[in-house]
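Since every read-out is calculated from the coordinates, none of them should be taken as a lab result. This structure is a prediction, so every number in the text was calculated from the model and none was measured. Virtual Cβ from ideal backbone geometry, glycine too; neighbours counted across all protein chains shown.
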């Protein structure tokens, strides 16, 4: 447990070295919510239809912001992983008297706690400033979804952070993944209104699964059967990402 706490403390100190990290982890998604929530909620005054349920756009977009926060925190953490590997600190960590599992768990725990703080700030802002109709009984599901979502994306991106050697290639990968996964998902708009080719991509996008579960948990929008199927699919994605990350970190020099 001491080693896990040491890794968590190091993550905390890294975040404290620059306020930019804190801004992107905690406040950037909140800025998205306020800008898009206010602007598009006025433009789409009739609301958004989700499986026969019409909700205000700011309530629809709330789940997208929460999902975006999990994804963004995982991206920032994976970039730190890449920097540690690139300058050799990561390999030095592997010589310390701690297991690889402790190393990963420490990183995951800190970042899932960060995602929970961000989710709390966002939901409170959505309720107080935008008047979003929050389903408060779904907050436990929100917490579980945030933890599992952050962990899933962390494992997925960590594999690439260790395997990709060049800084320009890794930055390109992150930017492409960020653009494709976010705008090819249900974060900003309902999937049903997308062109057919993009709709199929969105249906297969884990970010859509995560966002839809959060939308059901926060405002009750979505068909329960579909949400259950998407939650199961994301758990499969989480398991596969975990297996890949563990395999990669066991043999980092071969990756």
Can you compute the modelled spin-label distance between residue 129 and residue 198, with each label point 7 Å from Cα toward Cβ, in nm? 2.7 nm
Packing-based exposure ordering (other Cβ within 10 Å, fewest first) of 105, 35: 35, 105
Counting residues in the chain as N, plug N into 2.2 N^0.38 Å and put the Cα Rg over that result. 1.02
Got a sec? How would 219, 48 order by Cβ neighbour count within 10 Å, fewest to most? 48, 219
Taking only Cα atoms, what is the 0 to 90° angle, nearest 10, from helix 28-43's long axis to the longest principal axis of the chain? 20 degrees
Starting with the fewest neighbours, write out 211, 159, 95 ranked by other beta-carbon atoms found within 10 Å of each beta-carbon. 95, 159, 211
Angle between the chain longest axis and helix 139-163 axis [Cα atoms, degrees, rounded to 10]: 40 degrees
Shape of segment 65-108 from its Cα gyration tensor (a ≥ b ≥ c, root eigenvalues): rounded if a/c is under 1.5, otherwise prolate when a/b > b/c, or oblate? oblate
